[in-house]
Amino acid sequence: MNKAIMIVGVGGQGTLLASRILGNVLISSGKQVKVSEVHGMSQRGGSVVTYIKYGDEVYSPVIEKGQADIIISFELLEAARWMSYLKEGGELITNTQRISPMPVITGAQSYPENIEDKIRAAGVKLTAVDALAAAEKAGSSRSVNVVLMGVLSKLHNDFDKELWEKAVEQCVPTKVLEINQKAFALGRELV
Amino acid sequence: MSKLMLGNQAVARGLYEAGVSVISSYPGTPSTEITEFASKYPSDKIYCEWAPNEKVACETAVGASISGARSFCAMKHVGLNVAADPLFTASYTGVNGGMVIAVADDPGMHSSQNEQDSRHYAIGAKVPCLEPSDSKECKDFTLTAYDISEKFDTPVILRLTTRVSHSQSEVEELEPTEYALKDYNKDIAKYVMTPANAIKKHVLVEQRTAALTEYAESCALNVVEDTGSDIGVITSGICYQYAKEALGDKANYLKLGMVNPLPVKLIKDFAAKCKTVYVIEELDDVIETHCRSIGVDVVGKEKFTYLGEYFQSTIKKVILGETDSFKEFPEPIPVRPPVLCAGCPHRGIFYILKKLGVTVSGDIGCYTLGSAAPLSAMDTTVCMGASVSGLHGFNKGRRGEYEGKAVAVIGDSTFIHSGVTGLINIAYNRSNSTVIILDNSITGMTGHQNNPANGKNIYGDPAAAVDLEALARAVGINSVRVVDPNDLAAVEQAVKEELAKPEPSVIIARRPCALLKTVKHKPPFKINADKCKNCKSCMRIGCPAICWGEKHVTIDQTLCVGCGLCTQLCKFGAIEE
């Protein structure tokens with residue numbers, strides 16, 4: 001049975017690194033894996049998405065509405081935006097950090113209130129964590145991505161913790177490895 | 001060893017394993033990473049470079065091929081427009097060492113100004129075109145492309161699309177083959193395309209197409225999967241993956257790995273076994289038109305679209321009539337378009353151009369985002385270099401009416417690519433136009449590639465740097481000045497003065513991209529709530545770090561890089577360090 005995971009966020013939040021870590025875990029556990037990313041224009045502070053699919057035989061690298069098992073959102077509004085991609089019974093994990101998009105900054109639109117409640121009211125299983133606070137505690141606000149991988153590794157213990165830790169080690173630059181190892185551990189403590 | 005690789009990375013691996021030794025490319029999403037990954041292999045084996053544009057890149061590859069080396073160039077779909085000139089005649093000369101051109105199309109326009117289908121170029125130039133559907137095939141087809149190139153004496157196009165280039169799947173790495181440089185022998189009849197020689201070569205090109213069509217009938221690139229179903233699907237590239245996911249064993253497949261030339265008998269035989277045959281291809285109806293031309297009745301664009309990307313649901317809906325159910329968030333969600341980054345040196349220029357009400361002839365790069373609200377400071381964007389030549393045409397068209405109130409904006413890399421010829425035209429034909437070169441010392445939008453104006457080559461080694469001021473003067477522009485785009489008063493003065501002059505002029509707005517690792521950032525600024533009068537002047541620059549908080553403006557401390565542009569707009573001194 002194939003599984004479909006989405007990592008969504010705002011360009012610049014490090015979603016690509018997170019998908020690399022997850023991809024690394026999956027491939028070393030012997031699954032067939034496909035990862036689809038968006039580069040270029042969309043990265044400049046825009047809404048970004050990475051699709052990760054794995055199983056015995058994966059064809060399309062893309063996930064569409066009603067097809068995702070898990071969505072990990074790096075930002076609250078993005079959780080609301082991509083919610084419809086979950087399949088029946090799918091799970092949403094979100095960082096509670098808010099980053100205003102340009103129409104909110106210019107006042108043309110407002111940032112929706114009580115997003116978490118509304119997602120839950122729609123019948124979606126939601127886990128909300130303050131990954132930014134944990135990242136800052138780890139030593140860098142830029143490690144939000146690794147905190148959230150820590151959260152995912154704990155909530156979905158299909159794969160050994162050691163496999164995850166090895167993947168973090170392989171994907172993160174040596175200079176900031178220590179911060180990210182701390183971020184991963186703190187992420188696991190959030191849930 | 002098996003590794004998870006981007007399609008682009010797998011092409012680079014294929015180049016390495018094929019013994020390719022010369023690579024010349026111009027960056028362009030979604031093709032850029034091919035050359036970046038190739039440059040990580042030892043440069044004495046596989047020499048890589050960024051060329052000023054795709055035409056130069058393609059001609060470099062042609063020259064290297066004639067010399068006897070296996071050569072390569074990569075570009076995005078619109079880049080092939082620029083490189084089309086060498087392509088169409090390299091088809092006549094053929095190759096010595098194998099030559100492959102990778103062209104990455106962008107269905108859905110994730111990062112492009114149009115959605116053109118590069119297969120038309122393969123048909124027009126009469127060269128073979130291969131289309132992989134995942135990373136494994138990206139590597140395998142690259143290797144096959146060199147065999148075809150040398151066997152049939154032709155350049156080969158490797159056509160990718162965004163989803164293939166930017167998806168990762170598993171690839172087996174093999175040892176590279178040592179490719180012995182072929183002898184170079186002077187051969188005027190083969191390589192000098194005078195009419196007399198080209199007339200003879202065209203005959204060979206037509207014979208080659210016939211031979212390649214024969215090859216297409218039975219080559220391993222074109223595969224039939226017979227499941228015994230009465231539904232047939234003819235497809236290629238990423239659409240094969242979508243079709244397999246959507247239909248599984250409910251259809252027979254003819255997967256075409258070579259999309260030019262297309263087989264005839266293979267298609268006829270496949271179609272004969274099916275009750276209904278669907279052609280599933282993104283963008284244009286290339287395979288469909290071919291099928292109809294050989295008398296095979298297919299279902300194509302009357303059910304599918306010419307627009308954007310297809311996905312598994314597109315196919316499931318059309319062929320099986322099935323859709324997935326899902327739950328929407330109950331409220332409208334504000335869009336999150338890409339924006340100029342916090343600290344972006346382009347922001348100050350666009351703020352002043354908007355303030356002065358100037359008509360802006362735009363170009364291709366990060367700075368095209370200057371067209372977005374709240375800056376909205378752009379009137380046109382067409383293609384690489386069109387800002388400069390387009391402004392000249394605009395000014396000629398309005399008979400001088402806009403000469404004092406219209407400018408062109410173009411990045412350093414885009415200016416080198418094809419802006420400089422437009423500037424020569426401005427100087428030569430005296431159109432009294434003002435061109436602003438946004439020199440941020442990097443090719444930004446495609447992810448930070450060095451270019452001929454920043455003094456570094458693809459390997460980061462020191463290189464000759466184009467002196468933009470001297471270049472502008474050398475082509476005949478007498479009024480050339482440099483300004484810091486983060487100094488709003490200086491920018492305003494420069495734009496006003498240059499527009500007022502009765503002669504062509506160039507302003508070089510020079511400040512490195514805020515995302516460059518070499519750029520040191522200052523601590524973030526904060527709003528002093530006691531001084532802030534909520535006039536929102538600072539919000540007019542469209543900085544993603546400045547937003548409306550609960551009661552007053554706030555600066556996001558994780559995003560602000562301390563560029564200080566906003567402090568120049570605050571009349572109350574409320575933005576503090």
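Longest exposed-loop-site-free stretch of chain A, with GluC sites (Glu not before Pro), DSSP loop and at most 13 other Cβ within 10 Å? Display every interim value, and only then the final one.
On the way: sites that count: A:Glu57, A:Glu113.
Here the longest run is A:114-191.
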- Item | Pairs of alpha carbons in region B:511-577 whose separation is greater than 21 Å (percent) | 19
- Query: In whole Å, how far is the Cα centre of region B:97-164 from that of region B:407-470?
  - Reply: 29
- Message: Please list 3J(HN,Hα) in residue order for region B:440-448, calculated via the Karplus relation 6.51 cos²θ - 1.76 cosθ + 1.60 where θ = phi - 60°; whole Hz, with x for glycine and proline.
- Response: 9, 6, 6, 8, x, 4, 7, x, 6
- Among A:67-73, B:26-32, B:394-400, the order from most to least packed when residues are scored by Cβ within 10 Å on average: B:26-32, A:67-73, B:394-400
- Message: Explain nothing, just the number: dipole magnitude of region A:3-135 about its Cα centre with +1 on each Lys and Arg Cβ and -1 on each Asp and Glu Cβ, in debye rounded to the nearest 20.
- Response: 180
- Query: Considering only DSSP beta bridges whose two residues both sit in the protein assembly as shown, what percent are antiparallel, to the nearest 5?
  - Reply: 35
- Provide the gained length on full extension for the span A:Ala108 to A:Gln170, in nm with one decimal, where the gain is 0.36 nm per separating residue minus the Cα-Cα distance. 18.0 nm
- In debye to the nearest 20, the charge dipole size for the protein assembly as shown, taken about the Cα centre with +1 at each Lys and Arg Cβ and -1 at each Asp and Glu Cβ, equals 1800
- Note on the structure: Rounded to one decimal in nm, the spacing of the 7 Å Cα→Cβ label points at A:Arg98 and B:Ala500 is 4.7
- Could you check the simple spin-label distance between B:Glu401 and B:Lys536, using points 7 Å along Cα→Cβ, in nm with one decimal? 3.4
- Query: From the backbone phi of region B:10-18, what are the Karplus-calculated ³J(HN,Hα) couplings (6.51 cos²θ - 1.76 cosθ + 1.60, θ = phi - 60°) in whole Hz, Gly and Pro given as x?
  - Reply: 5, 4, 4, 4, x, 4, 5, 5, 7
- Query: What per residue convex hull volume, in Å³, do the alpha-carbon atoms of chain B yield?
  - Reply: 186
- The relative contact order of chain A, taking Cα pairs under 8 Å that sit 6 or more residues apart, comes to a percentage of 21
- Task: Between B:Asn425 and B:Asp467, with labels modelled 7 Å along Cα→Cβ, what's the label distance in nm to one decimal, could you check?
- Result: 2.8
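Report the trypsin sites (Lys or Arg not before Pro) located in region B:1-60 that are in a DSSP loop and have at most 16 other Cβ atoms inside 10 Å of their Cβ, or state none.
Numbers: sites: B:Lys3, B:Arg13, B:Lys40, B:Lys45, B:Lys55; in loops: B:Lys40, B:Lys45.
Answer in residue order: B:Lys40, B:Lys45.
Which FRET efficiency value, to the nearest 0.05, is calculated for A:Leu155 and A:Glu88 with the Förster distance at 25 angstrom and r the Cβ-Cβ distance?
The formula returns an efficiency of 0.85 here.
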- Query: Hey, what's the Cα Rg ratio for region B:423-577 versus the globular rule of thumb, 2.2 N^0.38 Å?
  - Reply: 1.28
- Rg and Dmax of region A:94-156 over Cα atoms: what are they, in angstrom? 14.0, 39
- Task: Would you mind giving the mean number of other chain beta-carbons within 10 Å of the Cβ of each residue in A:91-104, as a whole number?
- Result: 4
- Task: If a/c stays under 1.5 just call it rounded; otherwise compare a/b with b/c (prolate if a/b is bigger, oblate if not). Do that for region B:43-105, with a ≥ b ≥ c from the square roots of the Cα gyration tensor eigenvalues.
- Result: oblate
- For a label point 7 angstrom out from the Cα of B:Ala198 toward its Cβ, which stretches of region B:108-150 have the backbone nitrogen within less than 14 Å? B:125
- Counting partner chain Cβ atoms within 10 Å of every residue's Cβ in B:321-331, what's the average? 6
- Please report, to one decimal in angstroms, the Kirkwood hydrodynamic radius of region B:217-303 built from all distinct Cα-Cα pairs. 12.6
- When the Kirkwood radius is taken over all Cα pairs of the protein assembly as shown, what Stokes-Einstein diffusion coefficient follows at 4 °C and 1.567 mPa s, in µm²/s? 47
- Message: Once you keep just the Cα pairs under 8 angstrom separated by 6 or more residues, what percentage relative contact order results for chain B?
- Response: 11
- Query: Taking only DSSP H segments of four or more residues, each worth -39500 (n - 2.57), what value at 222 nm results for chain B once the sum is divided by all its residues, to the nearest 500 deg cm²/dmol?
  - Reply: -9500 deg cm²/dmol
- Nearest-5 percent of antiparallel DSSP beta bridges in region A:3-135? 50
- Quick one: helix B:135-152 against the long Cα principal axis of chain B, what's the angle to the nearest 10°, folded into 0 to 90? 60
- Task: Express the C-alpha Rg of region B:13-143 as a ratio against the empirical globular expectation 2.2 N^0.38 Å, rounded to two decimals.
- Result: 0.97
- Quick calc, B:Ala373 & A:Thr127: beta-carbon distance into FRET formula, R0 35 Å, rounding 0.05, result 0.50
- Task: Please give the length that would be gained between B:Asn114 and B:Lys355 if that part of the chain were fully extended, namely 0.36 nm times their separation in residues minus their C-alpha to C-alpha distance (nm, one decimal).
- Result: 83.7 nm
- Item | Karplus (6.51, -1.76, 1.60) ³J(HN,Hα), θ = phi - 60°, over region A:50-59, in Hz, Gly and Pro reported as x | 10, 9, 10, 10, 8, x, 7, 8, 10, 9
- Query: Hey, quick one: spin label on A:Glu162, modelled 7 Å out along Cα-Cβ, who in region A:3-25 has an amide N within reach, i.e. under 17 Å?
  - Reply: A:25
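Loop-only check: which GluC sites (Glu not before Pro) in region B:169-204 are DSSP coil with at most 12 other Cβ within 10 angstrom? Could the numbers behind the result be given before it?
Details: sites: B:Glu170, B:Glu172, B:Glu173, B:Glu178; in loops: B:Glu173, B:Glu178.
When the GluC sites (Glu not before Pro) of region B:169-204 are filtered for loop state and at most 12 Cβ neighbours within 10 Å, B:Glu178 remain.
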- Note on the structure: Dimensionless Rg/Rh of region A:3-135, both radii on Cα and Rh by Kirkwood, sits at 0.97
- Query: Check B:Ala104: other-chain or 5+ apart residues with amide H under 5 Å from its amide H, H built from backbone geometry?
  - Reply: B:Met75, B:Lys76, B:His77, B:Leu160
- Item | Neighbour-count ranking [beta-carbon atoms within 10 angstrom, fewest first] of B:Cys344, B:Cys570 | B:Cys570, B:Cys344
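Here, each number is a calculation from the coordinates, and none is a lab measurement. Everything numeric in this text was worked out from a predicted model, so none of it was measured. Note that each Cβ is placed from the backbone with ideal geometry, even for glycine, and that neighbours are counted across all protein chains shown.
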